[in-house]
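Peer 1: Please see the structure below; I have some questions.
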Amino acid sequence: MGCESFISVVIPDSVKSIGVEAFLSCTHLSNITIPESVTSIELKAFANCPQLTIYGQKDSCAEKYANEYNHRFVDLSVAVPPSLGDPNGDGAINAIDASEMLTVYTKIATNKTKPTSNELAYCDVNKDDAVNAVDASNILSYYAYISTAKDEKLSFDVYMKKAS
């Protein structure tokens, strides 16, 4: 509750319910993935999370909650799969993806582990076999480019090739 540093959260399959006001006033929380194992989301679990998109399965508790409390809902069964530079799979490469990469980097650095094959596939944008702040910086650079480019915009792959 009240954590302003949360931007993206993935609830693990082991969770069965999300309690009252669990993420209340996490004002920067922009996306949360809720598995089907969650069968109960209590009142005001995501109150005052104005930018929130809830990712989950169609006809799930997550979808019901999103609809009831006017949060955007993305059905994971039809969502764009994650891809290089777009680890959250929303089809847009932006600051949220950079944040996801920094989350992965923090987990790897804190636990002193190696990135998984999926983390490398989606987050290692400069192909140096690591996920780190450089990858996040590349994403932010591309996001700035597509946000300001006047002419035809390069794809992320082409942009990264030109940047290297």
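The values are calculated or read from the model by the stated rules, or taken from the named source; none is laboratory data. In this text the structure is predicted, and so the values were computed from the model without any measurement. When we count neighbours, we look across all protein chains shown, and the Cβ atoms used for this are built from the backbone with ideal geometry, even at glycine.
Peer 1: Take the residues of segment 86-99 that are touching a strand residue (DSSP E or B) at 6+ places or on another chain (Cβ under 8 Å) and among the small types (Gly, Ala, Ser): which is surrounded by the most Cβ atoms within 10 Å (Cβ to Cβ)?
Peer 2: Taking the candidates together, the pick is Ser99.
Peer 1: Something else about it: When you look at Asp13, is it under 29 Å from Met160 (Cα atoms) and either outside the structural domain of Val158 (by TED's automatic domain parsing) or over 13 Å from the mean Cα position of the chain (by Cα) (or both), yes or no?
Peer 2: Numbers: under 29 Å from Met160 (Cα atoms): no; either outside the structural domain of Val158 (by TED's automatic domain parsing) or over 13 Å from the mean Cα position of the chain (by Cα) (or both): yes.
So Asp13 does not fit the description; no.
Peer 1: Same structure, new question: Select from segment 100-123 the residues that are charged (D, E, K, R) and closer than 22 Å to Ile32 by Cβ and write down the one among them that is surrounded by the fewest Cβ atoms within 10 Å (Cβ to Cβ).
Peer 2: Going residue by residue through segment 100-123, those that are charged (D, E, K, R) are 100, 107, 112, 114, 119.
Those still in the list that are closer than 22 Å to Ile32 by Cβ too: 100, 107, 119.
Values: Glu100: 25, Lys107: 13, Glu119: 20.
Per the criteria, the residue is Lys107.
Peer 1: Testing Phe156 on (1) at pLDDT 90 or above; (2) under 27 Å from Ile11 (Cα atoms); (3) surrounded by 20 or more Cβ atoms within 10 Å (Cβ to Cβ), one condition comes back false. Which one is that?
Peer 2: The number of the failed condition is (2).
Peer 1: Looking at Ala45, Ala62, can you tell me which residue is touching a strand residue (DSSP E or B) at 6+ places or on another chain (Cβ under 7 Å), modelled with pLDDT of 90 or more and assigned to a loop (DSSP other than H, G, I, E, B)?
Peer 2: Every option except Ala45 fails the conditions.
Peer 1: Let me ask something additional. Please specify each residue of segment 1-57 satisfying the condition of being touching a Ser or Thr at 6+ places or on another chain (Cβ under 8 Å), more than 20 Å from Pro87 (Cα to Cα) and either of a type in the set (Gly, Ala, Ser) or touching a residue at least 60 places away in the same chain (Cβ under 8 Å) (or both).
Peer 2: Gly2, Ser14, Ser17, Ser37, Ser40, Ala47
Peer 1: Out of segment 74-121, which residues are without any contact (Cβ under 8 Å) to a residue 40 or more places away in the chain, hydroxyl-bearing (Ser, Thr, Tyr) and not in a strand (DSSP E or B)?
Peer 2: Ser77, Tyr105, Thr106, Thr110, Thr113, Thr116, Ser117
Peer 1: List the number of the failed condition for Cys49; all other conditions in (1) loosely packed, with under 14 Cβ neighbours inside 10 Å; (2) within 17 Å of Phe73 (Cα to Cα); (3) among the hydrophobic types (A, V, I, L, M, F, W, C) hold.
Peer 2: (1) is the only condition that Cys49 fails.
Peer 1: So is Val9 touching a Leu at 6+ places or on another chain (Cβ under 9 Å) and part of a strand (DSSP E or B) or not? If you could, list the steps in order and put the result at the bottom.
Peer 2: Details: touching a Leu at 6+ places or on another chain (Cβ under 9 Å): yes; part of a strand (DSSP E or B): yes.
Criteria met by Val9.
Residue by residue, here is whether (1) at pLDDT 90 or above; (2) in the same structural domain as Ser141 (by TED's automatic domain parsing); (3) under 29 Å from Asn126 (Cα atoms) holds:
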residue	(1), (2), (3)
Ser30	no, no, yes
Ile34	yes, no, no
Ser37	yes, no, no
Cys49	yes, no, no
Asp86	yes, no, yes
